[in-house]
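None of the figures in this text is laboratory data; all of them are computed from the coordinates on show. Owing to the predicted nature of the structure, the values given are computational and were not obtained by experimental measurement. Cβ placement follows ideal geometry from the backbone for every residue including glycine, while neighbour counts extend to all protein chains displayed.
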Amino acid sequence: MMDDQFARNTDDNAALTARARTVMPGGVAHEARYAEPHAKYISHAAGARKWDVEGKEYIDYAMGSASLLLGHAHPDIVAALVEQAPKGTFFADCHPLELEWAGLISDLIPSADQVRFTGSGTESTMLAMRLGRARSGRPRILRIDGHYHGWHDHVLKGMTPGANAVVSLGVPDAIADLVQVAPPDVEVIERTLASDADIGTLIVEASGANYGVVPLPDGFLAEARRLADAHGLVLIFDEVITGFRWSPGGRQAIDGVTPDLTTLAKILTGGLPGGAVAGKREVMRYLDPGETIDAMTPAVTHKGTFNGNPLAAASGVACLKHLATGEPQARADVVAETLREGMREVLGRLGVEGTAYGDSSTFHLYFGPCPSADIRDIPAADVRASAKTASAALNRGLGERGIDLMSRMSGVTSAAHTDDDLARTLDAFEATVREMADTGIFTG
Ligand code: PLP
């Protein structure tokens, strides 16, 4: 049924890519979607599956860049959108749904005394950092090496692990110089803070770098809170991925550590564009246009045409009502754990050195010697190097077999993945690893 309904596009992936490259740089709207010899064009998706314009089916572990914990086209989210769209897609006014949405967020996320909606995760970290500067009165930001916080000017230095450099042209040194990069090492951070009184904000990806490719040391978030308190910093947890996924209250609810500000997006909207900063009242009040602080009203300016958009709000409310129960997260976690175990079993049986690891509903692969079961015993640089060597062959092999990862050697699961999806994924994984082994990729 699905195939008939969506079989209107007669173009193939290669033809669409060629046309796209004439009207869009690289033919893409996001540089990570660029692929050689061509990108894949998806025509439709449902649950944990998606289909390209040539009719090829994928079991999806990208899941809308981790925004779809309930799966593609969840009936309650579709119904919420269908109900809202005829009432109007945008008013540029306040509306009741945004209030319901903010209320759900503040019920779930511990730091969320108040919520300000934004247009994306990038806008959320940009606003949170501005708030950090305003509240602390200090210009410099401390960030952790390799953590991802979006693409605006202030988060590019330190994005590429170990480089301590801006990964783009067009960012002035004056901005890069406001950012200090540190490893997730409490002693180093303590020394950095002691020697730099201009640092007033600390931002951390709550999972560790790249949704947990390089996990944080145990207790790091609590130490970050202690250091922030000791040095008068505004502490930001970037929970754009972990928010609502690690638990209904995100990673902060699991660790029992409350930041001053939390950045959210992705799952927040049930897969529509949007984001939010959810923070403590004493910091969020800087955004209140009814309040004057240090002769500025509002103290921190923030605009954004589509903030709190009614369609995103409708979808977000429908999604968060499910996630408040914790049940979708529990299913997605079981799916990921089953995959991680199954992948480790395949590697062991084939005699390939490596492991599958990850928290919550994520999985990451590493190929190489494993001194222990804890990935943190392997230097982060080695974990990253393994991805450089193996990810192209891994993704090619999995892709040919109808499995789509989210990035390099990592994926996310959803509540919609079935046991059949898992069995097919593990079969595809085994065939791919055998093929990789045959090419000598693990020995050479
Ligand atoms: N922060 C984290 C932890 C992310 O993973 C992302 C996106 O993947 C962002 C921020 C940026 O979000 P967006 O892509 O919505 O701008």
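Past the 24 Å Cα-Cα mark, which pairs from LYS87/LYS321; LYS56/LYS388; LYS266/LYS321?
On the way: LYS87/LYS321 21 Å; LYS56/LYS388 27 Å; LYS266/LYS321 15 Å.
Over 24 Å apart, Cα to Cα: LYS56/LYS388.
Among DSSP bridges having both ends in the chain, what percentage is antiparallel? Round to the nearest 5.
Details: 28 of 46 bridges.
If I count the DSSP bridges inside the chain, around 60 percent turn out antiparallel.
Counting each DSSP H run of 4 or more residues in the chain as -39500 (n - 2.57), what helix-only mean residue ellipticity at 222 nm follows after dividing by all residues, to the nearest 500 deg cm²/dmol? List each step's numbers first, then the result.
On the way: 16 runs with 178 residues, N = 444.
Using -39500 (n - 2.57) per qualifying helix, the result is -12000 deg cm²/dmol.
Looking only at ALA224, ALA416, ALA32, which one moves most when the chain is put into a Gaussian network model with springs between Cα atoms under 10 Å?
In this elastic network of the chain, the residue with the biggest mean-square fluctuation among ALA224, ALA416, ALA32 is ALA32.
Taking a spot 7 Å from the Cα of ILE293 along the direction of its beta carbon, which residues of region 145-179 have an amide N less than 14 Å from it?
none
Show me the helices of the chain, taken as full DSSP H stretches, that run 24 Å or more along their long axis by Cα and average -1.0 or above in Kyte-Doolittle hydropathy. Walk me through the numbers before you get to the answer.
Working: long enough: 327-350 (35 Å, -0.45); 380-400 (29 Å, -0.10); 419-438 (29 Å, -0.56).
Qualifying helices, which must be both long enough and hydrophobic enough, are 327-350, 380-400, 419-438.
For the chain, report the convex hull volume of the alpha-carbon atoms normalised per residue, in Å³, without decimals.
On the way: hull volume 68.7 nm³, N = 444.
Roughly 155 Å³ of hull volume per residue.
Rounded, prolate or oblate: which one fits region 142-216, using the alpha carbon gyration tensor with axes a ≥ b ≥ c (rounded when a/c is under 1.5, else prolate when a/b beats b/c, else oblate)?
Working: a/c = 1.95, a/b = 1.06, b/c = 1.83.
Because a/c hits 1.5 or more and a/b fails to exceed b/c, region 142-216 counts as oblate.
Enumerate the residues in region 135-178 having an amide nitrogen under 15 Å from the point lying 7 Å beyond the Cα of GLU282 toward its Cβ.
Residues 135-137 qualify, since their backbone N sits under 15 Å from the label point.
Using +1 on the beta carbon of Lys and Arg, -1 on that of Asp and Glu, and nothing else charged, what's the dipole of region 113-181 about the Cα centre, debye to 20?
240
Could you give the size of the charge dipole of the chain about its Cα centre, using +1 on the Cβ of each K and R and -1 on the Cβ of each D and E, expressed in debye and rounded to the nearest 20?
Details: 40 positive and 58 negative charges, 152 e Å.
Dipole size: approximately 740 debye.
What ranking of LEU398, LEU235, LEU350 emerges when the number of other C-beta atoms within 10 Å of each C-beta is taken as an exposure proxy, fewest first? Before the final figure, lay out each step's value.
Numbers: LEU398 22, LEU235 25, LEU350 14.
Placing the least packed residue first, the sequence is LEU350, LEU398, LEU235.
For region 243-323, rounded, prolate or oblate, judged on the Cα gyration tensor with a ≥ b ≥ c (square roots of eigenvalues), a/c < 1.5 rounded, else prolate if a/b > b/c?
On the way: a/c = 3.21, a/b = 1.38, b/c = 2.33.
Here region 243-323 falls in the oblate category.
So how long is each side of region 239-278 along the principal axes, counting just the alpha-carbon atoms, biggest first, in Å?
Principal axes ranked by extent give 29, 18, 11 Å for the Cα atoms.
Between rounded, prolate and oblate, where does region 289-374 land on the alpha carbon gyration tensor, with a ≥ b ≥ c its root eigenvalues, rounded for a/c under 1.5, else prolate if a/b exceeds b/c? Let's see the in-between values first.
Values: a/c = 4.14, a/b = 2.24, b/c = 1.85.
Verdict is prolate for region 289-374.
Which distance in nm do the two modelled labels at ALA35 and ASP177 give, with both placed 7 Å along the Cα-to-Cβ direction?
4.3
Loop only by DSSP, 16 or fewer other Cβ within 10 Å of the Cβ. Give me the trypsin sites (Lys or Arg not before Pro) in region 295-368 that pass, ordered by residue number. Walk me through the numbers before you get to the answer.
Working: sites: LYS303, LYS321, ARG331, ARG340, ARG344, ARG349; in loops: LYS303.
Here the trypsin sites (Lys or Arg not before Pro) that fit, given the DSSP loop and packing criteria, are LYS303.
For a Förster distance of 25 Å, can you work out the FRET efficiency between the beta-carbons of VAL334 and ALA423, rounded to the nearest 0.05? Display every interim value, and only then the final one.
Numbers: r = 14 Å, r/R0 = 0.57.
Computed FRET efficiency for VAL334 and ALA423: 0.95.
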